[in-house]
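Worksheet: one structure, shown below.
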Amino acid sequence: MAKMQYTKDGGVARITFDDGKMNLMNWDFFRELNDALDRTIADEAGALIFTCRPGVFSAGLDLKLLPTLGFPDGMIFQRTFAETMLRVYQFPVPTIAAYAGHAIAGGAIISYACDRFMIADGPYRIQINEIANKMLVPGWLSLICRSSIPHRYWKEALLHARVYSPREAFEKGLVDDLIEEGGDIMAAANAYAAELLKLSVPAYAASKKIMRREESEHVLNIMEKDIMDWVVNYMGKIK
């Protein structure tokens, strides 16, 4: 079953997460997401919007899958996760996360990796819950989240696995735009994307690469150690 749909309207590409459930991240999810990112580049889109059916953007990694993976596959899976999230973070096309729904773990990471984060108000949760799930916060994940989360909230968001409502996240600066409950979030996203289409994508891509190159290269250099720590500790069931 497809995990997402890709469409393009004018110069704006759209990736819509919708597996009919929680949009959990597994092998198929990462394969489809990378295929959609490839299509965005091939279509020469001037902006990319990530969205979802109302209710759930993504609940993150498929935690039922992880314990079934042996050590080698666990390493490969975590690397795939990291490289895919970093690809979104470094993506050369302007990116917007815009939706009405829950964003847990990987769902929040993708949102923070985007250049603009818009969410509708409502009974939704935004949370980086790795530590609450007995998993580590590796350097690459921390880098992506810290790029969007204000410094004063790094500890509560990453170490304390704080759960935020959309309004609280907006008021603390974790979200760029809060759309009123029941409002047309895609209209807001499309309006913002229309402004981004006025920019030079090559200049945008080059500038974004320069802004994020040093720290991105650092987390890539230590990724193997981080993933090793994560897999060993997760498989060992941290107490």
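The values are calculated or read from the model by the stated rules, or taken from the named source; none is laboratory data. Just so it is clear, the model here is predicted, and its values are computed rather than measured. Virtual Cβ from ideal backbone geometry, glycine too; neighbours counted across all protein chains shown.
Observations
- Selected residue (criterion: farthest from Ile110 (Cα to Cα)) from residues of the stretch 42-58 that are in a loop (DSSP other than H, G, I, E, B) and out of contact with any Lys or Arg (no Cβ under 9 Å at 6 or more places or on another chain): Glu44
- All positions within the stretch 1-41 that are in contact with a strand residue (DSSP E or B) (Cβ under 8 Å, 6 or more places away or on another chain), assigned to a strand (DSSP E or B) and of a type outside the set (Lys, Arg): Met4, Gln5, Tyr6, Thr7, Val12, Ala13, Ile15, Thr16, Phe17, Met25
- Strands (runs of 3 or more DSSP E) contained in the stretch 82-165 and holding at least 1 residues in contact with a His (Cβ under 7 Å, 6 or more places away or on another chain), more than 23 Å from Phe30 (Cβ to Cβ) and in contact (Cβ under 8 Å) with a residue 60 or more places away in the chain: none
- Summed over the stretch 121-146, the residues that are surrounded by fewer than 22 Cβ atoms within 10 Å (Cβ to Cβ) and more than 18 Å from His160 (Cα to Cα) give a count of 3.
This table checks each residue for (1) more than 12 Å from the chain's Cα centre (by Cα); (2) among the charged types (D, E, K, R); (3) over 20 Å from Gly173 (Cβ atoms).
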site	(1), (2), (3)
Ile96	no, no, no
Ile104	no, no, no
Ala120	yes, no, no
Leu136	yes, no, yes
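- Across the stretch 55-80, the qualifying residues are those that are in contact with a strand residue (DSSP E or B) (Cβ under 7 Å, 6 or more places away or on another chain) and farther than 19 Å from Tyr6 by Cβ, and the one among them that is surrounded by the fewest Cβ atoms within 10 Å (Cβ to Cβ) is Gly55.
- Residue tally, condition surrounded by 15 or more Cβ atoms within 10 Å (Cβ to Cβ), of a type outside the set (Ser, Thr, Tyr) and not in a loop (DSSP other than H, G, I, E, B), over the stretch 168-204: 13
- For the stretch 44-65, residues that are modelled with pLDDT under 95 and on the phi > 0 side of the Ramachandran plot total 0.
- Test: residue in the stretch 155-166 that is of a type in the set (A, V, I, L, M) and under 15 Å from Ala59 (Cα atoms): yes
- Exclusive hit being touching an Asp or Glu at 6+ places or on another chain (Cβ under 8 Å) and either within 30 Å of Pro72 (Cβ to Cβ) or of a type in the set (A, V, I, L, M, F, W, C) (or both), set Ala188, Ala203, Ala169, Ala193: Ala188
- Whenever a residue of the stretch 1-20 is without any contact (Cβ under 8 Å) to a residue 40 or more places away in the chain and within 18 Å of Pro92 (Cα to Cα), its partners that are in a loop (DSSP other than H, G, I, E, B) and of a type outside the set (Ser, Thr, Tyr), lying with C-beta atoms within less than 8 angstrom and at least six residues away or across chains, give the pairs Lys8/Asp43; Lys8/Ala45.
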